[in-house]
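> Quick one: structure below, then a few questions.
Just so you know, all these numbers are worked out from the coordinates, no wet-lab data involved. Please read all numbers here as calculations on a predicted model, not as lab measurements. Neighbour counts are summed over all protein chains in view; Cβ atoms, including those assigned to glycine, are modelled from backbone coordinates with ideal geometry.
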Amino acid sequence: MSTQSNEIMIELKNATVSYKDKCVLSNINLQIKKGEIVCIIGPSGSGKSTLIRTINRLVVPVSGEVLFMGQALNDKNINKIREKMGMVFQQFELFPHLTVLQNMILAPVHLKKMTKEAAIVKAKELLERVNLSDKINSYPEQLSGGQKQRIAIVRSLIMEPEALLFDEPTSALDPEMVKEVLQVIKDLANTGITICIVTHEMKFAKEISDRILFVDEKTILEDDNPNEIFDNPKTDRLKEFLSKVL
């Protein structure tokens, strides 16, 4: 469990998202506090990934607001805000023509957040933290899925974000690689960083979360601590979902 403050870091106010006139999320209200670990669960196609992508404006709501540390996200400020809000995807999103080191230092150097020398030092530190120092000059195609995902995580961390968003970080992995990636996220949860993660790993969600959001029927149907979500679900929809996945 995390150490959290009462400061609101991420907030959605009456956010509605549609694709081609089809409503995917309706009137979402959500607050995530600084240092909080929040997992998003729900059936396939329920809007979980849309919700996390809305948080960092990869998906733009048709109405409502998204705020980060009290600041409403818009086209002008989003790049600046994304420096403080890292995102890790299902498919790793590493540049295939760059080495691990080049992948890691590209953003901080390009955005003039660090000198190349400082970025290299930081990259080496982070690679050591996830036991991948020996892969510093490897290309993505030479890595396993679990290694690629750990690189994707530390590539986000090199920007020293205040919040980290994960969109099903283990869904593209073979079962034996899932554990190593989940361990990296568990270690991160103890550092005080704010984490919001879409996952279908229920045991992991129960262990790591301060709160769990159950998303279905275009909304957040339940928002509670892990014990309440798993041991005392309030809606029939969550009871039905848990009966299938546990």
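> Among 43, 188, 60, pick out the residue whose Cα is farthest towards the positive end of the charge dipole of the chain, where Lys and Arg carry +1 and Asp and Glu carry -1 on C-beta, about the Cα centre.
60
> Convex hull volume of the Cα atoms in the chain, per residue, in Å³?
130 Å³
> On C-alpha positions alone, give me the angle between the axis of helix 236-245 and the longest principal axis of the chain, in degrees, nearest 10.
The two axes meet at around 40 degrees.
> Give, rounded to the nearest 20 debye, the magnitude of the charge dipole that segment 8-245 has about its Cα centre when Lys and Arg contribute +1 at Cβ and Asp and Glu contribute -1 at Cβ.
It comes to approximately 680 debye.
> Measuring from label point to label point, each 7 Å out along Cα→Cβ, what is the residue 95 to residue 234 span in nm?
Output for this residue pair reads 4.7 nm.
> Within straight cross-link reach of residue 76, meaning Cα distance under 17 Å, which aspartates and glutamates are found once same-chain residues fewer than 8 apart are removed?
65
> Provide the per-residue ³J(HN,Hα) series for segment 24-33, in order, calculated from phi with Karplus coefficients 6.51, -1.76, 1.60 and θ = phi - 60°, each as a whole number of Hz, with x at glycine and proline positions.
9, 10, 10, 6, 7, 10, 8, 10, 10, 7
> What lysines could a cross-link reach from residue 124, if we take a straight Cα to Cα line under 18 Å and drop same-chain neighbours fewer than 8 places away?
Once the sequence-local lysines are set aside, what remains near residue 124 is 113, 116, 135, 148.
> Of the listed peptides 235-241, 205-211, 163-169, 70-76, what is their order by residue-averaged count of other C-beta atoms within 10 Å, with the highest listed first?
Going from most to least packed, we get 163-169, 205-211, 235-241, 70-76.
> Starting with the highest mean, order 40-52, 101-113 by the number of other Cβ atoms within 10 Å, averaged over the residues of each peptide.
Packing order, densest peptide first, comes out as 40-52, 101-113.
> Is there a quick way to get the dipole size of segment 14-147? I mean about its Cα centre, with the Cβ of Lys and Arg at +1 and of Asp and Glu at -1; what is the value in debye to the nearest 20?
Dipole of segment 14-147, to the nearest 20 debye: 320 debye.
> While we're looking at this one, here's another question. Counting Lys and Arg as +1 and Asp and Glu as -1, each charge on the Cβ, what is the dipole of segment 108-246 about the Cα centre in debye, to the nearest 20?
Charge dipole, segment 108-246, about its Cα centre: 560 debye, nearest 20.
> Using only Cα atoms, locate the centre of segment 83-132 and the centre of segment 167-189, then give the distance between them in Å, rounded to an integer.
If we compute the Cα centre of each part, the gap is 18 Å.
> Next question, about the same structure. Return the aspartates and glutamates within reach of residue 22: Cα separation strictly under 14 angstrom, same-chain partners fewer than 8 residues apart disregarded; answer none if there are no such residues.
217
> Using only Cα atoms and rounding to the nearest 10 degrees, what angle (0 to 90) does helix 175-189 make with the longest principal axis of the chain?
Roughly 90 degrees, rounded to the nearest 10.
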